[in-house]
């Protein structure tokens, strides 16, 4: 499969930072990703390259932009850039959403938010194999810069308990029934409450968590198949379909460095 970009990924609880370098487009390469949506705040930062984002009724070029969680969009890029993903249920994610998206699902961001962090990222982008620890440190600093000191919107304590359990239950069976027992609610009541609080079903949220877990395993050196199984996908094809639906391209289009 065609390799569209080199990528280095650092992931931590509640977020991840992707450092990418994409070749110039040519006739063999689609001009943009397919329409996709992911359950995370997405922040795109130009590191000398260029990018463009499309929603159904809006278009925005770099150098800094943010896309709201679950907003269907398309994306294309050339050269070096970074993508920061932040879990919207995290305290920082809720603060960023409250501060950023009152004017719509696709927003430009001021350069002052990222200085001097964008410069540090650009320097890392020029190194052959940027360190994960360095990327994680910058990623967390970016999240803090975006969230500021704003108090996050409140989330129901029972939903917070379920989210924390899902994040830690690497080996335990995870399903709606087990989550409902943990929250001391009926499955139907938890299902409605989860949608009300997060904007998506528990099943879709669980799929997103499994996807981010598989990406983390890939960054640790596991093959696509081993990462898919380790994250609870039935096979690598299921993982690839989910990845494409949520990121607009297949994992095989990326070369991990």
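Data for the structure
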| quantity | calculated |
| --- | --- |
| The chain - mean residue ellipticity at 222 nm from DSSP helices (-39,500 (n - 2.57) per run, n ≥ 4, rounded to 500) | -12500 deg cm²/dmol |
| Sorted by Cβ neighbour density within 10 Å, fewest at the top, the residues 100, 113 | 113, 100 |
| 5 Å binning of all Cα-Cα separations within the chain, expressed as whole percents from 0 upward | 1, 6, 13, 17, 20, 18, 13, 7, 3, 1, 0, 0 |
| Likely footprinting exposure, 39, 238, 229, fewest C-beta neighbours within 10 Å first | 238, 229, 39 |
| Cα-projected label distance for residue 157 with residue 144, points at 7 Å along beta-carbon direction, nm | 2.9 nm |
| Proxy reagent accessibility, fewest Cβ within 10 Å first, across 224, 211 | 224, 211 |
| FRET efficiency, residue 222 to residue 164 (Cβ-Cβ, R0 25 Å, nearest 0.05) | 0.50 |
| Sites residue 181 and residue 102, calculated FRET efficiency, Cβ-Cβ separation with R0 30 Å, nearest 0.05 | 0.20 |
| Antiparallel content of DSSP bridges confined to the chain, in %, to 5 | 95 percent |
| Segment residue 136-residue 245, length gained on full extension (0.36 nm per residue, minus Cα span) | 36.7 nm |
| Cα point-scatterer Debye curve for the stretch 157-247, base-10 log of I(q)/I(0) at q = 0.13, 0.17, 0.20, 0.26 Å⁻¹ | -0.45, -0.73, -0.93, -1.26 |
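Every number here is computed from the coordinates shown, using simple stated rules; none is lab data. Note that this is a predicted model, so its numbers are computed, not measured. So basically every Cβ, Gly included, is an ideal-geometry build from the backbone, and we count neighbours across all protein chains shown.
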